[in-house]
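**Q** The following block contains the structure, expressed as structure tokens.
The values are calculated or read from the model by the stated rules, or taken from the named source; none is laboratory data. Remember, it's a predicted structure, so these values are computed and weren't measured experimentally. FYI the Cβ positions are ideal-geometry reconstructions off the backbone, even for glycines, and counts take in every protein chain you see. Quick note on the areas: whole protein, heavy atoms, side chains included, nothing else; ligands and nucleic acids left out. Shrake-Rupley method; radii C 1.70, N 1.55, O 1.52, S 1.80 Å.
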Amino acid sequence: MTRTKVRKRGVGSALLAAALLGGATPALLPAAEADAAPLGRVCLFQDKERAGGAGHVAWAIRDPKKASHWIWGSTEGPSNGTYVPAGSSNGSWIKGGTWTQLRGSISTGRYDNYRCINTAGGNLKAAQQTYGRMKTNGYAVLTNNCLTKSLAIFRSYSPALTSAYLPDGKSKAPNYYFTTSLNNSRGWEKARTY
């Protein structure tokens, strides 16, 4: 019996044992984890009250090669709330770490809900490059804002997030997009209280 067959049998045994013991999501052993296909994940966080009730969003993406590592960020926009020319600060920020660090970083009582979708993989480098462009390309309240920048980062992370999964966010309020647009899209988990 080859080593690959032994490893696959070990994964099956671990999954069967977890299922029999009532584990809804069985943990994979390190060898099994290495054999598993990379799994990406993106999450959108909602702040219902910001922007006069139109809402605000932050984004997060998981490293498909290291499931415990995330990067996340947002664009806070200008103090006047409507426009920033390209090249000026638009309040964009980015951080990295574990899910627990993410929750501590952006859960200051500000965000109300979040929802996520898994992807077949993900490209952190492409997402970070898009973030770099987004932080210097200005801000326009209807067409180049916290939502549209988040969606651009998601699309560069996973081109599989086509319009069926990730509709256009231009001229849509973040609260409307978070509920109505994502409810009508494929694959998004239901909103969870943050």
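**Q** Quick one: how many residues across region 138-181 are part of a helix (DSSP H, G or I) and hydrophobic (A, V, I, L, M, F, W, C)? Let's see the steps before the verdict.
**A** Step one: of region 138-181, the residues part of a helix (DSSP H, G or I) are 146-157, 174-181.
Add one more test, that the residue is hydrophobic (A, V, I, L, M, F, W, C), and what stays is 146-147, 151-154, 178.
The number of residues fulfilling the criteria is 7.
**Q** Please count how many residues of region 157-178 are open to solvent by 60 Å² or more (accessible area, probe 1.4 Å) and either of a type outside the set (Asp, Glu) or in contact with a Lys or Arg (Cβ under 9 Å, 6 or more places away or on another chain) (or both). Steps first, answer last, please.
**A** Narrowing region 157-178 to residues open to solvent by 60 Å² or more (accessible area, probe 1.4 Å): 159-160, 162-163, 165, 168, 170-172, 176.
With either of a type outside the set (Asp, Glu) or in contact with a Lys or Arg (Cβ under 9 Å, 6 or more places away or on another chain) (or both) added as a condition, the list becomes 159-160, 162-163, 165, 170-172, 176.
Residues flagged as open to solvent by 60 Å² or more (accessible area, probe 1.4 Å) and either of a type outside the set (Asp, Glu) or in contact with a Lys or Arg (Cβ under 9 Å, 6 or more places away or on another chain) (or both) within region 157-178 amount to 9.
**Q** Let me ask you something else. On the basis of being modelled with pLDDT of 90 or more and of a type in the set (Asp, Glu), does GLU33 make the cut? Explain how you work it out, then say what you get.
**A** Details: modelled with pLDDT of 90 or more: no; of a type in the set (Asp, Glu): yes.
So GLU33 fails the test.
**Q** Does THR143 meet the test of being within 23 Å of LEU182 (Cβ to Cβ) and among the hydroxyl-bearing types (Ser, Thr, Tyr)? Steps first, please.
**A** Details: within 23 Å of LEU182 (Cβ to Cβ): yes; among the hydroxyl-bearing types (Ser, Thr, Tyr): yes.
Yes: the conditions hold for THR143.
**Q** So which residues in region 64-109 are open to solvent by 30 Å² or more (accessible area, probe 1.4 Å), part of a loop (DSSP other than H, G, I, E, B) and within 20 Å of LYS125 (Cβ to Cβ)?
**A** LYS65, LYS66, ALA67, SER68, HIS69, THR98
**Q** Hey, another quick one. In the set ARG133, ARG192, which member is among the charged types (D, E, K, R) and within 23 Å of ALA86 (Cβ to Cβ)?
**A** Numbers: ARG192 fails: within 23 Å of ALA86 (Cβ to Cβ).
It is ARG133.
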